[in-house]
Amino acid sequence: MNNSTKIDYRMSNEIDTLLATKKDAFHHPYTPYAIQLELMEKIYSALQDNYKVGIFESPTGTGKTLSIICAAMSWLRNHKKSQMLSQQDNGGNAADDDDDDDEPDWVKETYYKSHLGDTKGLMEEYEEHLTQLDKEYSDIYTGDYDSEDNQGEFRNSYEVAGSTKRKSTAGNRRPRKKIAIEIENNDEDFLPDDYIDGSGIDANKSMAQRNAELNQEIKSMIKTIETKRAQNAKLDRIEKLFSDSDTAAVKVFFTSRTHSQLSQFAEQLAMTKFPSSIDNMIVNEKIKYLPMGSRKQLCINSKVSKLGNNSLINEACLDLRKKKTSGSSEKDKPHEGCQYYQNYQDDLRSTGQLNKMVRDLTFGQVHDIEDLAQIGRRFKICPYYSTVKQSSDFSAMSEVVSLPYQLLLDADIRQQLNIDLKNSIVVIDEAHNLIDTITSLNSASMTLRELRSLAGNLRGYFVKFMKRLNSGNRINLLKLTKVLNKLIDFVINYEKIHKKKIKNGLEIDANEMLSAGGGDLINIYSLEKYLRESKVAYKIENYVSVKDQVQGSSSNHTPLLFKFIKFLKLVTNPSKEGKLFFNIETSSLPPSDKFDNISMNYLLLNPVEMFREVVENSKCVLLCGGTMEPITDFTDFLFPYLNFDRDILTFSCEHIVPKENISVIPVLQSHGGMKYDFSFTNRNNHSMIVQLGQDIQSILSNVPHGMVIFFPSYKYLNEVIKVWTADKAFWSHFTATKRVFFEPKDSGDVEKMLDQYSEHISGDVKGESTSTTNTGAVLLSVVGGKVSEGINFSNDLARAVIMIGLPYPNLFSGEIISKRKYLEDTVLQQPGGTPQAAKAKSVEFYENLCMRAINQSVGRAIRNINDYAMIYLIDQRFGNRKIQEKLSGWINKRIIDGEGARSIDEIMGVTRDFFNYHKNRKLS
């Protein structure tokens with residue numbers, strides 16, 4: 001990146017002086033701790049000093065999100081103020097200088113002071129308008145707008161019974177209603193529109209019909225043009241202010257992995273208040289915040305939202321949009337289209353006041369995305385189209401935009417939603433997931449079992465509706481069936497044709513596979529286009545889902561056709577950094593033959609190009625997370641083209657808790673002197689597993705309340721438990737010391753298990769335990785499982801965490817084989833690349849996958865400044881300094897005896913001293 005092309009965002013001396021008073025510079029709602037101040041300073045520095053990327057590691061529990069908000073928003077408001085002052089000091093924009101050359105300086109200065117005063121007045125007017133509007137509709141978020149005149153397909157309540165709702169940023173909410181799943185038997189719902197080929201001419205229509213349609217289109221176009229002219233004429237002064245502003249394009253985009261994390265961000269943002277970007281305003285400038293989401297979060301049409309699956313919801317929405325909505329005089333008739341979308345369109349064609357109302361209510365205070373859905377219900381207008389699809393209108397006025405990963409990372413979606421990142425700040429939270437997310441978004445797989453199931457579903461659909469489909473649909477559905485059958489034959493006959501056995505990572509020639517699937521690429525491309533444009537996938541999947549419910553054969557139908565469309569799209573438009581290969585999948589279902597679990601996988605091997613546009617368009621990208629080590633993964637695999645010293649700022653934040661609150665001990669050998677080696681070849685050593693159980697039993701006896709143990713995999717956890725439970729006396733003693741809980745494989749059972757675990761710990765803490773010997777509970781869980789990320793085990797829920805072994809991923813999986821080979825080939829192709837350097841690169845990648853998983857898991861225990869816990873790392877390899885250096889900084893700094901020389905007896909002594917110290921400190 002050329003520094004000479006950077007935009008200068010430096011502020012005036014007056015604002016630099018403000019930064020000198022650190023405590024107040026970032027407008028933190030509480031008194032920040034020293035490490036929070038340090039983190040905010042570093043983030044501010046990344047923005048102020050024009051770094052292209054900032055990588056920040058701040059352990060969970062250190063107030064990371066609030067620190068990010070305060071640093072970024074302080075910079076943004078200061079930047080906006082600086083720009084306005086700069087315009088005044090320089091006599092306005094350079095573009096206007098030619099027109100004013102003949103004017104004296106005092107005239108220019110007077111004019112721009114007057115202009116600044118006008119701007120201040122307009123902003124005050126808008127802020128007062130937002131406040132008044134918010135007061136006027138203060139009951140909007142507690143109202144129940146499911147009235148009788150919205151019956152039929154358009155009941156607004158769409159969450160299933162039993163779902164819980166967190167406290168919203170806008171106050172209390174009405175309770176959700178339970179909706180029953182209704183199975184409709186109207187076959188018309190499952191039929192696609194007639195499909196016309198690329199010529200656009202339907203041979204079944206007469207010339208008169210075509211002329212009538214053309215006349216209607218011309219009238220519609222004229223009306224649209226007239227409406228747009230009227231709208232432009234009615235642009236009020238406030239909108240013009242924002243649209244003309246030089247600083248309007250600069251904003252903060254905040255993205256995270258889940259909507260619950262984005263909701264937490266909204267809660268944190270609502271706590272803050274920042275000085276206005278113009279001094280001496282009589283009202284404070286509100287934070288203009290837009291929470292963006294998918295149709296799944298914003299759809300208020302129950303017929304669509306109840307489908308649950310993202311792909312089905314998207315396709316159902318697009319399908320319903322095309323249908324007309326019955327008028328209010330036909331209340332006895334069911335709505336065919338979507339009234340909420342129709343209201344959105346009708347408003348756009350008239351004054352646009354309803355959409356502006358939605359916008360201004362959104363900016364009236366910091367809202368959660370669910371508040372936007374409630375605003376949509378109140379005005380019976382689609383919140384998805386009036387906010388997300390109108391993001392260009394919102395964009396000029398918003399300062400902060402939150403959105404899930406996919407909306408930011410998918411270039412096609414960014415274009416569809418008018419998301420312009422130019423010169424803005426992009427904050428990616430939980431960024432340890434970033435590389436995996438980009439890879440996942442650009443990868444796909446299909447097992448032979450899925451191809452067979454899809455082919456069967458397609459045959460059933462075609463037989464059912466054959467006589468009612470037009471020729472375009474019939475031809476393309478027959479083509480699709482043919483492609484599926486050819487791909488099935490390709491997999492079944494591969495070994496016979498190629499004289500080689502299918503194994504994990506075996507590369508597939510994409511051209512050969514596609515030719516086998518359709519004879520030539522033209523047919524494949526046209527078929528992919530048909531599936532994309534016709535929306536037939538939604539019709540077929542909806543039919544299959546309803547049929548399964550009627551037959552009682554499946555309650556969670558997987559929409560395979562959407563999965564196949566993604567697979568087809570990727571293999572027909574492959575990235576040069578992608579690879580197509582075979583893999584042998586594991587499945588709980590019995591295979592019908594040896595081919596059933598064979599999958600064809602397309603994997604993106606290098607995410608650099610997929611992320612480059614985000615980096616290059618943004619002013620700065622901030623990668624933030626609790627466990628960002630090893631940082632080399634990001635610099636090597638996301639932006640290797642940047643100069644590390646010039647363009648990238650890295651910072652690892654110390655933990656908020658005092659050093660004496662965390663002790664980390666590598667446990668390298670058992671009480672019997674056996675080296676702990678949980679490598680793949682040695683982990684099933686029976687004697688080692690027995691001694692492991694005895695040593696963990698000792699730890700259980702010395703750790704109060706709750707404890708979490710992480711195993712490398714579910715399979716190994718089961719192997720260990722099998723050995724331990726075989727010794728009934730040992731297992732009886734083990735379970736008597738602490739109640740044992742197991743992490744369930746089914747994610748639906750996790751919440752119940754955690755509730756029971758928490759209740760048992762709570763009873764133990766309060767002295768309500770019914771057992772005289774049982775002191776707390778232990779949770780046996782898995783690295784990369786349901787509880788290793790996103791679940792907090794604060795305070796007594798986890799006074800100790802044990803990591804058993806190093807959880808390396810399966811070295812022989814197709815994904816790992818393909819990725820390592822790609823890395824090695826890349827090094828060898830570089831000038832001076834050697835086999836030794838290539839091997840070292842792939843080994844480092846493999847180690848980093850493991851270490852990031854460890855960092856993420858052990859960080860579950862410490863969640864606040866008063867928390868304390870022991871961390872035990874059980875494996876002789878944890879004594880290796882190279883391994884220890886890849887632990888998060890706050891963990892590495894707290895390792896006791898890095899060489900792991902202590903015996904189990906000595907470790908138990910350290911454990912007793914640790915908890916006695918904290919027990920006495922509580923009493924004092």
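The values are calculated or read from the model by the stated rules, or taken from the named source; none is laboratory data. All values derive from a computational prediction rather than experimental measurement. Note: ideal-geometry Cβ built from the backbone for every residue, glycine included; neighbour counts use all protein chains shown. When the accessible area is computed, the model is the full protein with side chains, heavy atoms only, and any ligands, DNA or RNA have been set aside. Shrake-Rupley method; radii C 1.70, N 1.55, O 1.52, S 1.80 Å.
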Inset, instruction - Check region 898-907 and report whether any residue there is on the phi > 0 side of the Ramachandran plot and either in a helix (DSSP H, G or I) or not hydroxyl-bearing (Ser, Thr, Tyr) (or both). - result: yes
Inset, instruction - Answer yes or no: is there a residue in region 711-732 that is within 21 Å of ARG860 (Cα to Cα) and in a strand (DSSP E or B). - result: yes
Inset, instruction - Identify all residues within region 809-842 that are open to solvent by 30 Å² or more (accessible area, probe 1.4 Å), in contact (Cβ under 8 Å) with a residue 24 or more places away in the chain and touching a Leu at 6+ places or on another chain (Cβ under 7 Å); write none if there are none. - result: PRO809, GLU815, TYR822
Inset, instruction - Kindly list the number of the only condition in (1) open to solvent by less than 10 Å² (accessible area, probe 1.4 Å); (2) closer than 21 Å to LYS738 by Cα that fails for HIS705. - result: (1)
Inset, instruction - Scan region 256-276 and report the pairs whose first residue is in contact (Cβ under 8 Å) with a residue 60 or more places away in the chain and acidic (Asp, Glu) and whose second residue is open to solvent by less than 50 Å² (accessible area, probe 1.4 Å) and not in a helix (DSSP H, G or I), with Cβ atoms within less than 6 Å and a gap of 6+ or a chain change. - result: GLU267/THR169
Legend entry - Residue match in region 839-848 (condition: under 28 Å from ASP695 (Cα atoms), among the β-branched types (Val, Ile, Thr) and not in a loop (DSSP other than H, G, I, E, B)): no
Inset, instruction - Report whether or not LEU484 is crowded, with 16+ Cβ neighbours inside 10 Å and either modelled with pLDDT of 90 or more or in a helix (DSSP H, G or I) (or both). - result: yes
Inset, instruction - Can you confirm whether region 901-914 contains a residue that is in contact with a His (Cβ under 6 Å, 6 or more places away or on another chain), under 22 Å from LYS675 (Cβ atoms) and of a type outside the set (S, T, N, Q)? - result: yes
Inset, instruction - Please name all residue pairs, on different chains or six or more residues apart, with Cβ atoms under 6 Å, provided the first residue is in region 744-759 and is modelled with pLDDT under 90 and the second residue is part of a loop (DSSP other than H, G, I, E, B) and among the hydroxyl-bearing types (Ser, Thr, Tyr). - result: none
Inset, instruction - Could you check, for region 424-436, whether at least one of its residues is in a loop (DSSP other than H, G, I, E, B), under 17 Å from the mean Cα position of the chain (by Cα) and not hydroxyl-bearing (Ser, Thr, Tyr)? - result: yes
Inset, instruction - Go through the residues of region 860-875 one by one and say whether even a single one is of a type in the set (A, V, I, L, M), in a helix (DSSP H, G or I) and either surrounded by fewer than 23 Cβ atoms within 10 Å (Cβ to Cβ) or out of contact with any Leu (no Cβ under 7 Å at 6 or more places or on another chain) (or both). - result: no
Legend entry - Complete set of residues in region 437-453 that are small (Gly, Ala, Ser) and either assigned to a helix (DSSP H, G or I) or out of contact with any helix residue (DSSP H, G or I) (no Cβ under 8 Å at 6 or more places or on another chain) (or both): SER440, SER453
Legend entry - From the options MET73, MET40, residue that is modelled with pLDDT of 50 or more, under 30 Å from ASN855 (Cα atoms), out of contact with any helix residue (DSSP H, G or I) (no Cβ under 7 Å at 6 or more places or on another chain) and crowded, with 20+ Cβ neighbours inside 10 Å: MET73
Inset, instruction - Check whether at least one residue in region 669-677 is in contact (Cβ under 8 Å) with a residue 12 or more places away in the chain and either within 26 Å of ALA34 (Cα to Cα) or open to solvent by less than 10 Å² (accessible area, probe 1.4 Å) (or both), and report yes or no. - result: yes
Legend entry - Where GLY805 falls short, out of the listed (1) at positive phi; (2) open to solvent by 10 Å² or more (accessible area, probe 1.4 Å): (2)
Legend entry - Looking only at region 510-526, and only at residues there that are hydrophobic (A, V, I, L, M, F, W, C) and at pLDDT 75 or above, the one that is most open to solvent (accessible area, probe 1.4 Å): ALA510
Legend entry - Residue in region 265-278 that is within 21 Å of LEU560 (Cα to Cα) and in contact with a Pro (Cβ under 7 Å, 6 or more places away or on another chain) present: no
Inset, instruction - Hey, could you check region 570-582 for residues that are open to solvent by less than 60 Å² (accessible area, probe 1.4 Å) and under 19 Å from ASN606 (Cβ atoms) and say which is modelled with the lowest pLDDT? - result: SER575
Legend entry - Residue that is most open to solvent (accessible area, probe 1.4 Å) [pool: residues in region 843-859 that are farther than 19 Å from PHE711 by Cα and in contact (Cβ under 8 Å) with a residue 12 or more places away in the chain]: GLU844
Inset, instruction - Kindly indicate whether VAL621 is under 18 Å from ASP410 (Cα atoms), open to solvent by less than 20 Å² (accessible area, probe 1.4 Å) and assigned to a helix (DSSP H, G or I). - result: no
Legend entry - Test result for ASN470, under 22 Å from LYS529 (Cβ atoms) and crowded, with 20+ Cβ neighbours inside 10 Å: no
Legend entry - Tally of residues being within 21 Å of SER263 (Cβ to Cβ), out of contact with any Ser or Thr (no Cβ under 7 Å at 6 or more places or on another chain) and either among the hydroxyl-bearing types (Ser, Thr, Tyr) or buried (at least 22 other Cβ atoms within 10 Å of the Cβ) (or both) across region 299-320: 2
Inset, instruction - Can you give me the number of residues within region 872-892 that are acidic (Asp, Glu) and under 10 Å from TYR676 (Cα atoms)? - result: 1
